[in-house]
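*Asks:* Quick one: the structure is below, questions incoming.
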Amino acid sequence: MKKTILSLALLFLLRSAIFAGEGMWLPLLLGLLNESEMQEMGMKMSAEDIYSVNKGSLKDAIVHFGGCTAEVISGSGLMLTNHHCGYGSIQKHSSLEHNYLEDGFWAMNRREELPNDGRSATFVIRIEDVTAAALAGVTDGMDKSARQSAIDKNIDAIKKSAKMEEWQAAKVRPFFHGNQYFMFITETFKDVRLVGAPPSAIGKFGADTDNWVWPRHTGDFSLFRIYADKNNRPAEYSEDNVPYRPKHFLPISLDGVKDGDFTLVFGFPGRTNEYLPAVAIEQLKDVIDPAKISVRDKTLNIWNAAMRADAEVKIQYASKQSGLSNYWKKWQGEVLGLNSSRAVEKKRAQEAKFQKVVAINPKYQQYKDLLPNFKKRYADLEPYALAKAYFDEITGRNVELLRLGKYADKLVRRFNDEGEEGYNSYLAKLEKYLDGFYKNYRPEIDEEVFAAQMEWMMKKVDPQFIPSYAANLVKSFDGDYDKMAKTVFGQSFLDDMDLMLTTLEMAPGDVMKAIQNDPAYLLSKAFKDVYDKKIMSRYNEVNGQVAALQQTYMKALMEVFPNERFYPDANGTMRCSYGKVQGYEPRDAVKYRSKTYLSGVMEKYVPGDYEFDVPKKLRQLYRDKDFGQYGTKGKMPVCFIGSNHTTGGNSGSPAIDAYGNLIGLNFDRAWEGTMSDYNYDLRLCRNIMVDMRYVLFIIDKYAGAGHLVKEMKLVHPKKRQKTPDPRRRLKRDKAAMPATKQRIPAAKQ
């Protein structure tokens with residue numbers, strides 16, 4: 001390629017219009033692309049204060065924490081993230097005797113901090129543009145397979161030649177649908193310990209009802225600490241490890257926020273698709289999302305009833321129920337937002353404009369069939385995409401017995417393909433997984449889910465994708481799904497922890513016989529065979545064609561519309577988004593303000609309710625107005641919203657003020673704006689953040705863990721910014737002017 005796509009993209013971006021709030025930007029490029037805009041919006045920092053490889057900067061406090069983001073808030077490795085991001089760890093340490101989900105957890109000294117096997121914290125050391133090297137030898141005429149093969153070889157060479165320390169790692173990621181590439185040098189710490197978490201009545205206040213909704217009153221935070229070896233380098237867990245000493249940690253502002261304040265959200269957003277064609281958006285909102293929502297409806301109804309009826313089940317199912325319900329509600333808001341923002345109509349208008357320019361300009365003739373080809377390919381894709389959605393949800397996520405069947409099938413295949421060596425290798429991993437699985441599994445609940453989902457699958461999935469084994473099984477029970485479920489669960493050993501573990505202790509050949517005669521395994525395998533051979537083989541083929549079109553379409557958009565704003569989709573890499581504290585009006589006669597207070601928590605309070613109960617001590621602090629230094633004018637701030645462009649993965653991201661201080665903790669989006677993954681709309685898209693003053697109030701006044709606050713740096717940046725007397729400024733300006741300049745009139749009083 002004669003020019004790198006990067007230089008082309010920068011040209012387009014520099015000539016673009018400004019739409020404050022939209023976009024997830026690479027911090028490496030802020031100085032070139034965004035700094036002046038950010039400063040016009042009120043930012044007082046420079047781009048180098050945000051990202052620098054020569055000195056400590058904001059990026060050095062930002063942590064990739066599993067599928068979330070976290071930030072370092074003290075010089076001793078104290079790390080803040082969301083309660084829902086730490087939820088799995090909190091649950092693992094919980095029991096009926098020590099119910100940290102219900103009661104909260106606070107380490108009152110370093111010895112009480114709890115280790116978390118499998119948890120890690122990753123920092124980005126530096127980012128490099130490697131587009132030229134990644135696309136070396138790649139030409140427009142290559143087919144998809146040859147192109148990707150050449151790029152893969154180039155990326156391997158890039159990583160091998162990367163300059164880094166032995167404990168660091170390199171990863172290369174594509175941007176703009178494979179038109180651009182960046183390398184990230186990272187450092188991962190594997191000793192991460194739980195320090196503090198509020199009770200779920202605070203950290204998950206509002207639960208499913210308030211999820212993805214504004215106004216919000218949730219103290220969604222938890223605290224961990226990163227430990228390192230004595231040289232401050234990554235190390236596995238050891239009692240000899242010491243708290244990590246960061247290059248930079250975030251000071252915390254006590255000044256709060258007001259409408260119009262600049263906000264910077266820094267983190268690792270997961271996945272967006274802002275440049276899909278209209279036909280893709282239409283298929284998503286009208287076909288795929290509704291299918292997935294319908295499946296989770298049924299499971300959540302069963303799980304929620306069981307959790308309300310039994311306290312132990314509530315603990316066991318808390319984390320997986322939270323995970324299942326999260327995107328169930330998000331997809332509903334996504335459909336609502338795509339409709340209300342007229343996303344399809346907007347895309348079609350842009351496409352009409354695109355086609356018009358292409359038709360009259362000879363240099364764009366290679367793009368004239370792009371949109372018609374999209375329409376054809378998405379029509380080809382739809383039956384397979386829909387079947388995939390149902391199979392992924394029902395057999396891969398919602399019915400846990402069928403998921404166990406898939407793991408059993410992997411064990412069988414490892415034995416058949418690799419003999420006892422491969423079998424034993426996978427068995428060790430499987431036994432470790434099963435230990436955690438059965439701890440949070442109730443077969444009687446799963447049996448009820450199984451019956452409901454098998455009935456739904458037979459009604460909704462095209463018969464060509466229903467395995468004959470499943471169809472015959474249903475027929476043998478005359479369509480009585482409850483009876484079918486009772487028989488399958490009664491005859492299977494997969495759902496019984498003792499039977500399963502006892503079976504796995506037998507000789508490999510005997511284990512193979514037992515598995516291959518198990519009805520749950522046979523049903524799971526039947527679904528998997530159809531999934532692999534009839535659904536995914538064709539889905540992957542057509543989806544590969546769609547991806548190739550999308551790569552070309554992205555390039556075409558940037559060429560055809562040189563004055564429009566383009567930013568790379570999120571792909572799990574470090575990004576910045578910037579906006580302002582700002583309310584919104586989602587529909588007629590509805591107007592939301594930008595901040596909530598503890599009084600709103602009390603208004604929602606329902607004694608004993610699993611979503612809206614409020615701890616006694618918090619109610620007392622409210623009655624006494626005992627807010628300490630964290631309240632303002634007799635009120636205790638809880639949450640606020642802004643116009644920052646965020647998505648999944650931004651959970652736990654810091655909300656940073658104009659001066660580089662922590663003011664909030666990002667944890668959600670407003671329901672009407674969840675379609676921002678495909679269509680950002682400033683009128684509707686708002687990110688939801690916990691006010692840091694509420695976080696500190698809960699730690700200090702509620703939990704009595706003031707020792708944690710003492711290791712943080714609390715600041716008042718707004719109070720330091722004194723507004724000069726205009727008369728003194730005029731006098732100073734007048735004295736500095738040459739004598740030939742016209743005299744400035746005195747300021748009017």
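Since every read-out is calculated from the coordinates, none of them should be taken as a lab result. All values derive from a computational prediction rather than experimental measurement. We place every Cβ from the backbone using ideal geometry, glycine too, and count neighbours over all the protein chains shown.
*Asks:* Along the charge dipole of the range 270-392, pointing to its positive end and built from +1/-1 on Cβ of Lys, Arg, Asp and Glu, which listed residue (N361, A379, W328) has its Cα farthest out?
*Replies:* So the residue we want is N361.
*Asks:* For the range 496-537 and the range 681-698, compute the distance between their C-alpha centroids and round to whole Å.
*Replies:* A separation of 47 Å, based on Cα centres.
*Asks:* Then there's this: In the neighborhood of G21, defined by Cβ-to-Cβ distances under 12 Å, what is the net charge if each Lys or Arg adds +1 and each Asp or Glu adds -1?
*Replies:* +1
*Asks:* Given axes a ≥ b ≥ c from the Cα gyration tensor, I'd like to know whether the chain is rounded (a/c under 1.5), prolate (a/b larger than b/c) or oblate.
*Replies:* It comes out oblate by the Cα gyration axes.
*Asks:* Peptides 661-672, 89-100, 169-180: what's the order by average Cβ count within 10 Å, highest mean first?
*Replies:* 661-672, 169-180, 89-100
*Asks:* Highest mean first, how do 446-456, 76-86, 647-657 rank when packing is the count of other Cβ atoms within 10 Å averaged over residues?
*Replies:* 647-657, 76-86, 446-456
*Asks:* Only sites in a loop by DSSP and with at most 11 other Cβ atoms within 10 Å count here; which trypsin sites (Lys or Arg not before Pro) in the range 603-636 make the cut?
*Replies:* Those satisfying the criteria are K625, K633.
*Asks:* So what's the net charge close to T209: Lys and Arg +1, Asp and Glu -1, counting the other residues with Cβ under 12 Å from its Cβ?
*Replies:* 0
*Asks:* Using 0.36 nm per residue of separation minus the Cα-Cα distance, give me the extension gain between E418 and D480 in nm, one decimal.
*Replies:* Here the segment from E418 to D480 would lengthen by 18.3 nm.
*Asks:* Order these peptides, 551-559, 567-575, 114-122, by their mean beta-carbon neighbour count within 10 angstrom, highest first.
*Replies:* Order by mean packing, descending: 567-575, 551-559, 114-122.
*Asks:* Here's a follow-up. Can you give me the distance in nm between label points at S425 and Q366, each placed 7 Å from the Cα along the Cα-to-Cβ direction?
*Replies:* If labels sit at S425 and Q366, their model points lie 4.3 nm apart.
*Asks:* Still on this model: For the residue pair V287 and K635, what label-to-label distance in nm results when each label sits 7 Å from Cα along the Cα-to-beta-carbon direction?
*Replies:* About 4.8 nm, to one decimal.
*Asks:* Between L549, Y423, F262, whose Cα lies farthest towards the positive end of the dipole of the chain when Lys and Arg beta carbons carry +1 and Asp and Glu beta carbons carry -1, centred on the Cα centre?
*Replies:* Towards the positive end, the residue furthest out is F262.
*Asks:* Still on this structure: Just want the ordering: W328, W303, from fewest to most Cβ atoms lying within 10 Å of their own Cβ.
*Replies:* Least to most surrounded, the residues fall as W328, W303.
*Asks:* Related question: Using the beta-carbon distance between K55 and A309 and R0 = 56 Å, what value does 1/(1 + (r/R0)^6) give for FRET efficiency, to the nearest 0.05?
*Replies:* E(calc), rounded to 0.05, equals 0.50.
*Asks:* Moving to a separate point now. If you keep only loop residues by DSSP, which trypsin sites (Lys or Arg not before Pro) in the range 28-88 have at most 15 other Cβ atoms within 10 Å of their Cβ?
*Replies:* Within the range 28-88, the qualifying trypsin sites (Lys or Arg not before Pro) (loop, at most 15 other Cβ atoms within 10 Å) are K44, K55.
*Asks:* Also: Can you compute the charge dipole magnitude of the chain about its Cα centre, using +1 on each Lys and Arg Cβ and -1 on each Asp and Glu Cβ, nothing else charged? Give it in debye, rounded to the nearest 20.
*Replies:* 4120 debye
*Asks:* Please list, in order, the residues from the range 658-672 whose amide nitrogen is less than 15 Å from a point placed 7 Å along the Cα→Cβ vector of R587.
*Replies:* Under cut-off, by backbone N: 671-672.
*Asks:* Between K353 and E48, what is the FRET efficiency for a Förster distance of 45 Å, r being their Cβ-Cβ separation, to the nearest 0.05?
*Replies:* 0.75
*Asks:* Only Lys, Arg, Asp and Glu count, each charged at its Cβ (+1, +1, -1, -1), so figure out the dipole size of the range 601-649 about its Cα centre, rounded to 20 debye.
*Replies:* Magnitude of the dipole: close to 260 debye.
*Asks:* Right, something else. Can you run phi through the Karplus equation (6.51, -1.76, 1.60; θ = phi - 60°) for the range 602-609 and list ³J(HN,Hα) in whole Hz, with x for Gly and Pro?
*Replies:* Rounded to whole hertz, the list is 5, 5, 8, 4, 10, x, x, 6.
*Asks:* Moving to a separate point now. Quick check for you: which residues of the range 530-564 have the amide N under 14 Å from the point 7 Å beyond the Cα of D140 toward its beta carbon?
*Replies:* 552-560
*Asks:* Relative to the present Cα-Cα distance, how much length would full extension add between N301 and W167 at 0.36 nm per residue of separation?
*Replies:* Between N301 and W167, full extension yields 43.6 nm more.
*Asks:* Can you check what the net charge comes to around N301, using other residues whose Cβ is under 12 Å from the Cβ of N301 (Lys, Arg +1; Asp, Glu -1)?
*Replies:* 0
*Asks:* No other cysteine beta carbon under 4.7 Å away is the test; run it over the chain and list who passes.
*Replies:* By the Cβ distance rule, which asks for a partner under 4.7 Å, the isolated cysteines are C576, C639, C685.
*Asks:* Here's another thing I want to ask about it. Only loop residues by DSSP count here, and only those with at most 15 other Cβ atoms within 10 Å; note down the GluC sites (Glu not before Pro) in the range 139-209 that meet that.
*Replies:* E165, E166
*Asks:* In percent, how large is the relative contact order of the range 332-481, given Cα pairs closer than 8 Å and 6 or more residues apart?
*Replies:* 18 percent
*Asks:* Another question, then. Using a simple charge model, +1 on the beta-carbon of Lys and Arg, -1 on the beta-carbon of Asp and Glu, nothing else, what dipole does the range 400-539 show about its Cα centre, in debye to the nearest 20?
*Replies:* 640 debye
*Asks:* In addition: Report the gain in length on full extension from K713 to N563: 0.36 nm times residue separation, minus Cα-Cα distance, nm rounded to one decimal.
*Replies:* Working it through step by step, the gained length comes to 49.6 nm.
*Asks:* A further question on this structure: For the range 400-539, restrict the atom set to alpha-carbon positions and state the Rg and Dmax in Å.
*Replies:* 15.4, 44
*Asks:* So, one more: Over what distance in Å are the Cα centres of the range 384-419 and the range 38-81 separated?
*Replies:* Answer, in whole Å: 40.
*Asks:* For the chain, build the charge dipole from Cβ charges (+1 Lys, Arg; -1 Asp, Glu) around the Cα centre, then report which of I151, P607, F697 sits farthest towards its positive end.
*Replies:* F697
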